[in-house]
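Report on the structure given below.
Please treat every number below as a calculation from the coordinates, not as lab data. This is a predicted model, so every value here is computed, not measured. Counting neighbours? That spans all protein chains shown, and the Cβs are built from the backbone with ideal geometry, glycine included.
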Amino acid sequence: MAGNRYEEQVVRIALFAGDGRIRGETFERCDIRGPAVIVPLGKTVSEHNSFDGTADAVLREIPPERSRLIGAVALESCTFIRCRFTNIGIAGPGDLIRAFLGVEVSLKASLRVAQ
């Protein structure tokens, strides 16, 4: 079952993540605002988005041996198309967080976000 679709809206990501997760939602041409650190899980799609800051400021690589990340927002099978991310960091395994900057990502839930 598909989640909700949001277009051309200001989205305060932490308000969407009541339980620490956002599942199956689609955001198109939205202004995604933090402060927040997001962790893409499942099949998350990121196409033609922009991020404030440099890669060093936005990306937080999590070592593979770490199984939990407290205080982050998990994105499970969400889609982001032509969105602008402001004051948002991305955490996860190195290849995942680099891929999230522009291509489809498929990942088994190897990183569990603590609530």
Non-local residues with an amide H under 5 Å from the amide H of Arg60, with H modelled 1.01 Å from N and Pro and chain starts lacking one, are Ile90, Ala91, Gly92
Contact order relative to length of the range 5-103, as percent, for alpha carbon pairs under 8 angstrom and 6 or more apart:
40
Taking Cα centroids, how far is the range 40-57 from the range 1-29 in Å?
15
How would you rank Ser67, Ser46, Ser77, going from fewest to most other Cβ atoms within 10 Å of each one's own Cβ?
Ser67, Ser77, Ser46
Assuming 0.36 nm per residue, please report the length gained on full extension of the stretch Val45 to Asp19 beyond their Cα-Cα distance.
7.2 nm
Tell me, in nm to one decimal, what length is gained between Ala57 and Val10 on full extension, where the rule is 0.36 nm per residue of separation less the Cα-Cα distance?
14.7 nm
